[in-house]
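The values are calculated or read from the model by the stated rules, or taken from the named source; none is laboratory data. The structure displayed is predicted, hence computed values, not measured ones. Note that we place each Cβ from the backbone using ideal geometry, even for glycine, and neighbour counts take in every protein chain shown. With ligands, DNA and RNA removed, areas are computed over all heavy atoms of the protein, side chains included. Shrake-Rupley method; radii C 1.70, N 1.55, O 1.52, S 1.80 Å.
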Amino acid sequence: MKLYYLPGACSFVPHTALAWIGQPYQAQAVSREALKSPDYLALNPLGSVPVLEDGELVLSQNVAILSYLDALYPEARLFGSKTVRDKAKAMRWLAFFNADVHKTFGELFRLPDYAQGKDELGAAIRQAATQKLLAYLAIANRHLESHIFFGEQISVADVYLYVMLNWCGKLGIDISAFSQFKAFIARVEANQGVQQVRKQEGLA
């Protein structure tokens, strides 16, 4: 198996999953420039990470990759449990983080083309995206008031939120008002697999 990743990006999630599984794998870092190269676009026409190669199978999209790895290695409990019900709960959070929260970062990392060079419009778009993001994060924080993780134990959903909370720091988004995130980040970073991947991606 080979995973293509961008350090600190959402590909950190399947990278951690592979570390948890404990089987041999390759992890290939790619630059933002390389994502648009013909060779990489042949793997993923969207020019994004992650991409997982397993023999002739090539998968993009976190949810697809994580579901595939979980099916192959159920004993790794990537979704924090071995029961169908509890795995479904963690999957719900993963879907929320992937489809809703992550999407909101898009306008914070890069303005739409129609807003380029239009300072007032750009500021309004960023403000609206930030408010939406904080509303989503409030939902996650509320869950953590009565739970340690988003699965019965640490899961890929937890790692996804952890990655995005780190993005908040890079973007200067203040999350200090959320009472649960500091301790949550510490719990995730205490995980051996997360530590391994942080070191491998040069984030430690």
Counting only protein heavy atoms and using a 1.4 Å probe, what share of the accessible area of the chain belongs to carbon plus sulfur, as a whole percent? 52
Long-range amide H contacts for V51: which residues qualify at under 5 Å (H placed 1.01 Å from N, peptide plane, sequence gap of 5 or more or a different chain)? Y4
Kindly write out, for the range 43-57 in residue order, the coupling ³J(HN,Hα) from the Karplus curve 6.51 cos²θ - 1.76 cosθ + 1.60 (θ = phi - 60°), rounded to whole Hz, with x marking Gly and Pro. 7, 9, x, 7, x, 9, 10, x, 10, 10, 9, 9, x, 7, 7
Taking a probe of 1.4 Å, how large is the accessible area per residue of the chain, in Å²? 52
Leaving out same-chain residues fewer than 8 places away, which aspartates and glutamates sit with a Cα under 12 Å from that of K199? E189
Over the residues of the range 1-91, compute the C-alpha Rg and express it relative to 2.2 N^0.38 Å. 1.10
Work out the charge dipole of the chain with +1 on the Cβ of Lys and Arg and -1 on the Cβ of Asp and Glu about the Cα centre, then indicate which of V197, I173, L43 is farthest towards its positive end. I173
Out of L57, Q131, V156, whose Cα points farthest toward the positive end of the dipole of the chain (charges: +1 Lys, Arg; -1 Asp, Glu; placed on Cβ)? Q131
Most mobile of A99, A124, A29 per a Gaussian network model of the chain (Cα springs, under 10 Å)? A124
Using the crude model of +1 on Lys and Arg Cβ and -1 on Asp and Glu Cβ, and no other charge, please compute the dipole size for the chain relative to its Cα centre, in debye to 20. 400
Please give me, ordered by residue number, the GluC sites (Glu not before Pro) of the range 1-106 that lie in loop per DSSP and have at most 12 other Cβ atoms within 10 Å. E33, E56
Explain nothing, just the number: relative contact order of the range 41-92, from Cα pairs under 8 Å at least 6 residues apart, as a whole percent. 18
Considering only H147, H102, H15, give the residue with the highest GNM mean-square fluctuation for the chain, with springs between Cα atoms whenever their separation is below 10 Å. H147
In the range 1-85, what trypsin sites (Lys or Arg not before Pro) fall in a loop by DSSP, with at most 16 other Cβ atoms inside 10 Å? R32, K82
Below 8 Å, C-alpha to C-alpha, sequence gap of six or more: please give me the relative contact order for the chain in percent. 25
The range 184-204 and the range 15-60 have their Cα centres apart by a whole-number Å value of 20
Using θ = phi - 60° and the Karplus curve 6.51 cos²θ - 1.76 cosθ + 1.60, what whole-Hz ³J(HN,Hα) does each residue of the range 26-31 get, with Gly and Pro shown as x? 10, 10, 10, 6, 10, 7
Give the percent of DSSP beta bridges with both residues in the chain that are antiparallel, rounded to the nearest 5. 65
Membrane-span-like helices (DSSP H runs, Cα span along own axis at least 27 Å, mean Kyte-Doolittle at least -0.5) in the chain -> 119-144
Give, rounded to the nearest 20 debye, the magnitude of the charge dipole that the range 1-121 has about its Cα centre when Lys and Arg contribute +1 at Cβ and Asp and Glu contribute -1 at Cβ. 440
Can you list the GluC sites (Glu not before Pro) in the range 112-204 that are in a DSSP coil and have 12 or fewer other beta carbons within 10 angstrom? E145
Using alpha carbon coordinates only, what is the Rg to Rh ratio of the range 151-204, with Rh defined as the Kirkwood radius? 0.96
